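Data block below; observations after.
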Amino acid sequence: MLPRNPIWRFILVFCALYAVFAIIPWPGVQEAYSSWYRRVGNALFDPFGKRVLNASGESVQLGRVEFRESSTKNRTSDTVIWHYLRRSQDVGAVEHSPRLTGYLPTVEFAALALATPVAWRRRVNGLLAGLALVHGFILLRVWISIRYTFSEPGTYWQMYEPGAFLWAVLRNCQEAINVAPVASFAVPALLWLILLFRPADWSEALGVLLPGLSVDDSVTEKSEPSGSSR
């Protein structure tokens with residue numbers, strides 16, 4: 001039986017949902033997601049980058065991107081992104097994790113939204129809007145990763161030549177959004193706070209956490225002049 005306190009009920013439901021979809025290694029789930037991820041990645045990001053004229057005089061994009069299944073895959077990293085330029089034999093291969101980049105942020109937001117103790121209509125609307133934004137964030141992460149690889153100085157697949165400032169910005173974005181795992185969990189939580197809560201919800205939550213505190217009493221205490229005599 002779930003506890004009556006909505007805070008504890010939310011925590012228990014969230015943990016249960018997250019455990020079911022993210023922690024328990026269901027057979028075939030991660031493989032199916034990664035396969036879908038690679039197909040979408042190839043459809044959206046190949047070709048990529050600057051436009052040049054090919055041998056027929058047609059304008060084509062210079063960069064080629066291929067999401068391939070890794071030959072040394074494991075539970076977290078099972079994909080390799082190949083980067084190369086047209087008519088070039090040199091390839092930049094980057095290990096990639098659809099699980100960390102896409103699956104876990106999606107599951108986290110869905111579990112947070114479904115566990116939130118608000119009306120179901122708000123819950124469903126927030127879930128749909130949030131999933132769209134989470135997938136926008138996933139596309140941004142992949143785009144930054146590909147742009148970073150095509151901008152690496154001194155490589156045979158370098159397509160862009162950013163100045164020192166732009167290269168530093170791109171490198172820092174790559175580090176913060178793709179290399180560090182914090183973004184995978186912080187961004188879905190931030191979207192959940194923005195989409196599922198209203199100002200009145202925070203007052204109600206405060207009343208649950210601190211039942212002895214009255215909002216009216218708090219306002220009265222703050223509004224009392226500091227120099228008043230008694």
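Bear in mind that the values in this text are calculations on the coordinates, not laboratory data. Here the structure is a predicted model, which means the values were calculated and not measured. Using ideal geometry, Cβ is built from the backbone for each residue, glycine included, and neighbour counts are taken over all protein chains shown.
Counting other C-beta atoms within 10 Å, and keeping those with at most 11, which DSSP coil chymotrypsin sites (Phe, Trp or Tyr not before Pro) do you find in region 20-74? Write down the numbers at each step before the final one.
Details: sites: F21, Y33, W36, Y37, F45, F48, F67; in loops: none.
When the chymotrypsin sites (Phe, Trp or Tyr not before Pro) of region 20-74 are filtered for loop state and at most 11 Cβ neighbours within 10 Å, nothing remains.
Comparing mean-square fluctuations of G154, G136, G126 from a GNM of the chain with C-alpha springs under 10 Å, the top value falls on G154. What the phi angles of region 135-151 give under the Karplus curve with 6.51, -1.76 and 1.60, with θ = phi - 60°, is a coupling list of 6, x, 5, 4, 4, 4, 4, 5, 4, 4, 4, 5, 4, 4, 5, 6, 10 Hz, glycine and proline written as x. As a rough footprinting exposure proxy, the listed residues C15, C173 were ranked by other beta carbons within 10 Å of their own, and the order from fewest upward is C15, C173.
How big is the Rg/Rh ratio for the chain, C-alpha atoms only, Rh by Kirkwood, two decimals?
Values: Rg = 23.9 Å, Rh = 21.0 Å.
For the chain, the value is 1.14.
Candidates L112, Q89, F45 compared by Cα position along the dipole of region 10-134: farthest toward the positive end lies L112, with charges placed on Cβ. Taking R0 as 35 Å, what's the FRET efficiency between W82 and L131 from their Cβ-Cβ distance, rounded to 0.05? That pair, W82 with L131, gives E of 0.75. Cβ crowding within 10 Å ranks I11, I144 as I11, I144, fewest other Cβ atoms first. Helical content of the chain, expressed as a calculated mean residue ellipticity at 222 nm, amounts to -17000 deg cm²/dmol (DSSP H runs of 4 or more residues, -39,500 (n - 2.57) each, divided by residue number, nearest 500).
Given contacts defined as C-alpha pairs under 8 Å and at least six residues apart, what's the relative contact order of region 20-63, whole-number percent? Walk me through the numbers before you get to the answer.
Working: 25 pairs, mean separation 11.0, N = 44.
With pairs under 8 Å counted, the relative contact order is 25 percent.
In the elastic network of the chain, a GNM with C-alpha springs shorter than 10 Å, the most mobile of L190, L127, L114 is L190.
If a spin label sat at a point 7 angstrom from the Cα of Q89 along the line to its beta carbon, the backbone N atoms of region 143-172 nearer than 19 Å would be those of 155-158.
Please tell me the relative contact order of region 1-141 in percent, rounded to the nearest whole number, where contacts are Cα pairs under 8 Å and at least six residues apart. Spell out each step's value before the answer.
On the way: 166 pairs, mean separation 27.1, N = 141.
Rounded, it is 19 percent for region 1-141.
Full extension from I23 to R122: what is 0.36 nm times the residue separation minus their Cα-Cα distance, to one decimal in nm?
Details: separation 99, 0.36 × 99 = 35.64 nm, distance 2.70 nm.
Length gained between I23 and R122: 32.9 nm.
With the simple model of a label 7 Å out from the Cα in the direction of the Cβ, N172 to K50 spans 2.6 nm.
Applying both filters, DSSP loop and at most 13 other Cβ atoms within 10 Å, to the chymotrypsin sites (Phe, Trp or Tyr not before Pro) of region 114-186 gives Y156. All other residues whose Cβ lies under 14 angstrom from that of V134 are scored, Lys and Arg at +1 and Asp and Glu at -1, for a net of 0. Taking a point 7 Å out from the Cα of Q61 in the direction of its Cβ, the residues of region 67-102 whose backbone N falls within less than 14 Å of it are 67, 82-86.
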